[in-house]
Structure formats: structure tokens, C-alpha cells
Amino acid sequence: MPKYNVTPIDEENKFDEHEIIVSKTDIKGRLVYVNDVFARVAEMTTAEVINQPHSIIRHPDMPRVVFKLLWEAIEAGKEIFAYVKNMSKTGKYYWVIAHVTPSYDASGEINGYHSNRRLPAQKSIDKVSAIYKSLLSEEKKHANAKDGLEASHEMFVSMLKDEGKSYSEFVWSLGN
């Protein structure tokens, strides 16, 4: 994987509300296809991202628990929607509402994943970013990454339980 020594900068890399960012990965999360919108917003060429882990665009502001929930859903053959803050090659950020689904081969086995992403409403970003900051703070309180992930997972599950919502209901309650 190309290692980019990228420092996040507080500058948004915008894309149009009518554009869709598309990517496809293999079962291990390595990119096998990206559309031109993905490449442009990530500020990378297709050649730079193909065969790289999708996490090449992961922003450090993202709590790991969100990806834990995402992987649990798609590996179980379910679709999931999630708000995600990504980072371009130059360190700019961009928010998406992602719809991730498993892809299947002719025998019905999962052989990869497909994601369509759109621009979320600013009010949704404002709501989710405050929650993500709390979850990330909880993760960072622990010296061991696994312990941090488990603690933020417990925190998030507790929050959802207190609100009487499933994860999907939480995502849709943010509006878009």
C-alpha cells in the first residue's frame, strides 16, 4: 500500500449533491473499482487506489466502532448506511452518507462489496460529528486499541439503547 504521509487539514473537499461516489472492493476491502468522482474527491488517480485497502481514504476523526458495525453488517450479507468522514490525498476532508452492500458471485457467495456515497446534509453532519467525537475520545482513553474499540462500542450501543433505536434507525433519524 502506498503510504502517504498526510496531515489532515481543516479544509473541505466538496462535491456536488447530485454526484455519486462509487467504489467496489474484494472481500478483504481492497479497491477493485472506483468511479471518476471517487478519484477526483480523494485527489488520487485510479491507478493509485486500485488494489489498495479502502481505508486509504480513512480520516483519523472517524471512530473505529463505525467500521466495526459496517463490517459486521456486510459480512453477514446485510446492507448498511453510515455517515463517514473521509480524507483526500492532500489531507482535505469530505463527508458522505454511504450505502454499502455485499456483492455475490454466481453461486450466491459474497465476493466483494459495493458502496455508493452521496453528500449528506450539513445538519446531519453537525449531529453525527459530535457523536463521533465522543466515541473517538472514548477510544483514545485506552492504551490498547482493542480495549478502546470495545469501550466505544459499549458506549454507542448504550446510547442507541437509551434512545430506543437500532443503528439503522439512528442513521435515518439524523435526516438527510
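All of the numbers you see were taken from the coordinates with simple rules; none came from a lab. Not measured: the values here are computed from a predicted model. Heads up, the Cβs are rebuilt from the backbone with ideal geometry, glycines too, and the neighbour counts pull from every protein chain shown.
Peptides 9-20, 50-61 ordered by packing proxy, namely the average of other Cβ atoms within 10 Å per residue, highest first: 50-61, 9-20.
With r defined as the distance between the Cβ atoms of Lys24 and Asp61 and R0 fixed at 30 Å, what FRET efficiency is calculated, to the nearest 0.05? According to the calculation, E is roughly 0.75. Net charge of the neighbourhood of Val41, taken over other residues with C-beta under 15 Å away and scored Lys/Arg +1, Asp/Glu -1, is 0. Only helices enter the 222 nm calculation for the chain: every DSSP H run of n ≥ 4 contributes -39,500 (n - 2.57), and dividing by all residues gives -12000 deg cm²/dmol, rounded to 500. Between the C-alpha center of region 87-137 and that of region 2-42 there is a gap of 10 Å.
Label separation (Ala145 vs Lys68): 1.4 nm, computed from points 7 Å beyond Cα along the C-beta direction. Within the same chain, lysines fewer than 8 places from Lys78 are excluded, and of the rest, those with a Cα less than 20 Å from its Cα are Lys24, Lys28, Lys68, Lys165.
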